[in-house]
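Trainee: Please find one structure pasted underneath; my questions will follow.
The values are calculated or read from the model by the stated rules, or taken from the named source; none is laboratory data. This is a predicted model, so every value here is computed, not measured. Glycine gets a Cβ as well: all are built from the backbone with ideal geometry, and neighbour counts include every protein chain shown.
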Amino acid sequence: MVPSLSLRDLKVGYGDITVLWNISLNVENREIVGLLGSNGAGKTTLINTICGLTAPSKGELLFFGEDITFFNSTERVRIGITQIPEGRLLFSGLSVKQNLRMGAFARKDKSGIEDELDAIFHLFPVLESRMNQPAGTLSGGEQQMCAIGRGLMARPRLLMIDELSWGLAPVVVDTIIAALKEVYKTTELSLILIEQDVQLGLDLSHRLYVLENGRVVKEGRPEDLAKDLALRKAYLGI
């Protein structure tokens, strides 16, 4: 079966500074892939490149076998690639409902948007009770739910979440994870997760890539990486 996403020998930089070196990885259909590594390892640059915000100087990106290396970010949203950025980046002056609807800007099936809103409110009932409230007045956990809901409004086939648990109480993280698992069970969604909480990354992912200094230094199943004592000490901080 053709992978959802395949990166081949990807090199990415800013000016004369190279951030990612010869990155190759696959995400299979309905697979949850975790990206682990210290700050500055290149994780955010990698998902920015996948969603078209940063252009590679070398290599290829294939999405379900189609070469999308030169697609812009809007084109990538239209074919099913969506990112939940670190810091959420909501439109703070717009209402929760308006923020959610912004996630559907590239959809052609406009008639299905209201049904999608209902589905998001089912996943995150607190958002329905806050639908007319400015997004900037939400708590941090509610903002993360809104950001994830906005991403799901695009009906992605690949969803990338940068720092799912950052700054959130454990009970909020549990609520978000339960919602994502519900979506995962009923769709063909694949996920890429960047997560500083190493144990959470191990628990959620089917497979993990460890980045260090812009390179993939390890790839494997969570149970195998968890047993690698040298890796735990050098890269995972546990």
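Trainee: For region 1-41, name all the residues that are buried (at least 23 other Cβ atoms within 10 Å of the Cβ) and of a type outside the set (A, V, I, L, M).
Mentor: Within region 1-41, S4, G34, G37 meet the criteria.
Trainee: While we're looking at this one, here's another question. Name every residue in region 183-221 that is crowded, with 18+ Cβ neighbours inside 10 Å and at positive phi, in order of residue number.
Mentor: If the condition is that a residue be crowded, with 18+ Cβ neighbours inside 10 Å and at positive phi, then G214 is the only one that fits.
Trainee: Now for a separate question. Restricted to region 117-143, and to residues that are outside any helix (DSSP H, G or I), closer than 16 Å to V172 by Cβ and not charged (D, E, K, R), which residue is modelled with the highest pLDDT?
Mentor: Looking at the filtered set, the residue picked out is F124.
Trainee: Looking at the structure I just gave you, is S95 small (G, A, S), without any contact (Cβ under 8 Å) to a residue 60 or more places away in the chain, surrounded by fewer than 22 Cβ atoms within 10 Å (Cβ to Cβ) and outside the structural domain of L200 (by TED's automatic domain parsing)?
Mentor: Judged against the criteria, S95 is a match.
Trainee: Take L159 and tell me if it is closer than 16 Å to S38 by Cα, crowded, with 22+ Cβ neighbours inside 10 Å, modelled with pLDDT of 85 or more and touching a helix residue (DSSP H, G or I) at 6+ places or on another chain (Cβ under 8 Å).
Mentor: no
Trainee: Across region 98-116, which residue is farthest from M131 (Cα to Cα) among those that are outside any loop (DSSP other than H, G, I, E, B) and either aliphatic (A, V, I, L, M) or not assigned by TED's automatic domain parsing to the domain that holds N132 (or both)?
Mentor: I113
Trainee: Considering every residue within region 222-231, establish whether at least one is in the same structural domain as A41 (by TED's automatic domain parsing), under 22 Å from I50 (Cα atoms) and either of a type in the set (S, T, N, Q) or surrounded by fewer than 17 Cβ atoms within 10 Å (Cβ to Cβ) (or both).
Mentor: For region 222-231, residues in the same structural domain as A41 (by TED's automatic domain parsing), under 22 Å from I50 (Cα atoms) and either of a type in the set (S, T, N, Q) or surrounded by fewer than 17 Cβ atoms within 10 Å (Cβ to Cβ) (or both): absent.
Trainee: If T74 passes every condition in (1) without any contact (Cβ under 8 Å) to a residue 60 or more places away in the chain; (2) in contact with a Leu (Cβ under 9 Å, 6 or more places away or on another chain) but one, which one does it miss?
Mentor: (2)
Trainee: Report yes if T69 is closer than 16 Å to V216 by Cβ and surrounded by fewer than 19 Cβ atoms within 10 Å (Cβ to Cβ), otherwise no.
Mentor: The answer is no for T69.
Trainee: Further, regarding this structure: Which of the residues that make up region 159-184 are in contact (Cβ under 8 Å) with a residue 40 or more places away in the chain and of a type in the set (S, T, N, Q)?
Mentor: T175
Trainee: While we're on this one: Please identify the pairs in which a residue from region 220-232 that is modelled with pLDDT under 80 has its Cβ atom under 6 Å from the Cβ atom of a residue that is of a type in the set (S, T, Y), counting only partners at least 6 apart or on another chain.
Mentor: none
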